[in-house]
1. Would you mind listing the distances between the residue B:104 label point and the same position in each other copy? Use 7 Å along Cα-to-C-beta, nm, one decimal, shortest first.
2. Measuring from label point to label point, each 7 Å out along Cα→Cβ, what is the residue C:143 to residue C:81 span in nm?
3. How far is the Cα center of segment A:195-263 from the Cα center of segment B:253-313, in Å?
4. Diagonalise the Cα gyration tensor of segment A:1-71 and give the resulting equivalent ellipsoid semi-axes, square root of 5 times each eigenvalue, largest first, whole Å.
5. Would you kindly give the portion of the calculated P(r) for chain C that falls above 29 Å, as a percent of all Cα pairs?
6. Give the distance, in whole Å, between the Cα centre of segment B:137-179 and the Cα centre of segment C:133-181.
7. Can you work out the base-10 log of I(q)/I(0) for segment A:131-329 at q = 0.13, 0.16 1/Å, using the Debye formula on its C-alpha atoms alone?
8. When all alpha-carbon pairs of segment C:147-219 are counted, what percent fall beyond 19 Å?
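All of the numbers you see were taken from the coordinates with simple rules; none came from a lab. Keep in mind that this is a model prediction, so the values were computed, not measured. Heads up, the Cβs are rebuilt from the backbone with ideal geometry, glycines too, and the neighbour counts pull from every protein chain shown.
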């Protein structure tokens, strides 16, 4: 059901405490996060191998975690190293450890084959940790499948309607045709809008008198991550004159919690040189209002789909990016399944040879 | 599961606003109601054909409705007439329109084959809009299937027990045998009770000193509508002397929201000549108390059935009307299925002939 | 799914009122309890045989109960003795009566074959009604299957971790090996712990300066009942010198409400000779805090299991009693099924002979 050989964002770096246990579910698997004495984050399956109680109900002991039910102690690799009342610890007494990476304040877990966990596949979320950019980190929980949130992010024509009074401000966004091209493990979407009034939320960044040319250029990559440069420039200014422009960079990612619920991590950064620190806070508040608009619409859509799951969508020109990304996900899932079958076959052949 | 070629009440006329969108679910289908500039009510499937978002989350534009997600515009026939960013609108871009009728303040939708929508099948809910009668309109939501509420209305012996202190007031109602006869698409039920104390709620209508003869005469017709004359007359008065009688007319109907939840629309009218306007309000309040008694009992019954769905009921003499109406529903469902098979066969024959 | 030929505790004696109806669900069956004029408790299926409404929504009439929906009257054997508006009552008009026993303040229902209801199978819950012992009765509802709560009670190694600051107080409890031996329809578990600090909750009973030797000796019998002597004695005192010891007796039982929810009845008694009556109340409050610790852990465990029901547990040395009792339940279930098949076979043979 889910692409597994991917880095999924499980938390903002600041969410993982230094002296306590933190649990969040990804792809239906409860995962325990905690920090070693050196501050490194460990990701273990949040389920004791003994009677399946959540380890997050236990406690940290040094770099280990002790189950709060019957006291089994696990080290940072997930191996059980102590069972109260028992001399020896069976080899099978271990919980799954997930490959983990922290990049620019995002904490990622690798949900697939650990041997394939490749740091080169981490997304370029640079503005999450860049001295030139400034933001307030955001998190939102969705009671909908991940796919519907990705669909939303892949088609900005909704800005004209869902966000008419916040991020949009003009039906010209929906009128503009998006250009789409492939990038590794995703697509790039460009949308340019000419001579439109500034959207209401730009007022947090600066005073703008006349109309703007606006742009949205983003990569949307597996498993569901948006990396976007956007902005607006007074129509009378030259294309390379950014002195009066609003320039933003946004990193957003959607992680399935389960098949029907999702985590949404987001930020919209502004350039520090553009003014007072309070601007980042104002941008964040505007974004929250707008993302609540999305959540209300997507939740209503999801409920309509749940009530009648077989009703097909009607694909239109504006759905080009949605269709391309859904196809990419489908192809990736198929490749992962094929790969799994190949691994099984190879194992069977090896077994057959060893018998012969 | 549901009889479809029927007019189902979806709303009281006053519930549908003049400047906004209204949504209610009938037979599991969310339906959008709104008014044209002329005040006529339109009923469309409340689900955009594009990405299935509820149209009721959008807005009225003249006699049209615009989806609030990506801006598709639909006219009052359900045809899409504008897709932002697209020159042409595909023929398939439409949402279902339901035949609609308003009669005596009840708004009906036809849930079956539109070609069969026949205004002659509307029930005679005259007292909902008659200068001689007066009432306060009622609506109640049920977390139970429609059938259990119909069962309740088909057997007034429950008045003696569920409504002992409200509508009933005497165990004689349960003792009396109901007479049942067929009417088109339903049955007529008559129950007469001799020489009983006036039920508590009659006090709202008038002071009554001695005992009464009471009567209940109602038609119960598909899909689940009760149309009732009832009343009580001092035992000492002649049968045709209505001067000191209480005379009421009630229209009640149960519309399935889903297979497990229902809408209940009701009123109990009194004759305007019988006194002050405040009487209608007092009758309504009495009815609400009594119908809460029903809802508590039916909800408890429904939960018991859900916990053990295979347990059969034990049919007794008092269940005659329940059994007859359940049979009518079953026969009607079977006829609709047969009709659907006939239509498929005719189509297949026509196709076969066109190939030959 | 459940062992049926068992006495299940359905209520504390004081919970069943003298003038009203009481309903509680056991093994998924709603059961009505009420008292006759003589004070004896009657247990009937809480579901009218007519239209399946709960009888507990009706009213007591003498030693009978009248359904509040259509007025059927049932006597204390479950036989219907009056149907309003009907002369004769069909033989089939009856609701199930359950064998019932009250022993030492616990009210038991027999959920299996009434012919097998044997009072000798009632557990020895003596301290629930003994002049030498004193307690406050406890009840707790669980949103988890019964089995997980039994597992918890069968393995006291969790006292060291779940109840570190309440009932436990030392990791030595988990270190100690439990001795297990069979008893009729259950197992006996003994655990002795030498030279440990007194657990925090002993302070309610008496001031204790030094370390204790502690003991827990309990029978755990079908369907899920714990009967325990426990206590602690200053290490320096002789084994038979109980003058400075804390001695407690506890009766606890877990009754499945449904396959996924449970009732938990419990008490921890102290010897009246040990001091002021307020001690029983203080012990009860300590126990409530500790049993909330259990409920939080078991509920979290249950949710983890529900999220991934196929994940096996890893059995360890400490699970010996859990494994033995689960096997006893499995064997008893299998025997009941075999018995049912045998009964069917015997009936078939008898029928065959009567035909021949």
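1. 6.9, 6.9
2. Computed distance between label sites residue C:143 and residue C:81 equals 4.3 nm.
3. 54 Å
4. Details: eigenvalues 83, 58, 15 Å².
Rounded to whole Å, the semi-axes are 20, 17, 9.
5. Here the long-distance tail beyond 29 Å is 48 percent of all Cα pairs in chain C.
6. 51 Å
7. -0.71, -1.08
8. Values: 960 of 2628 pairs.
That fraction is 37 percent.
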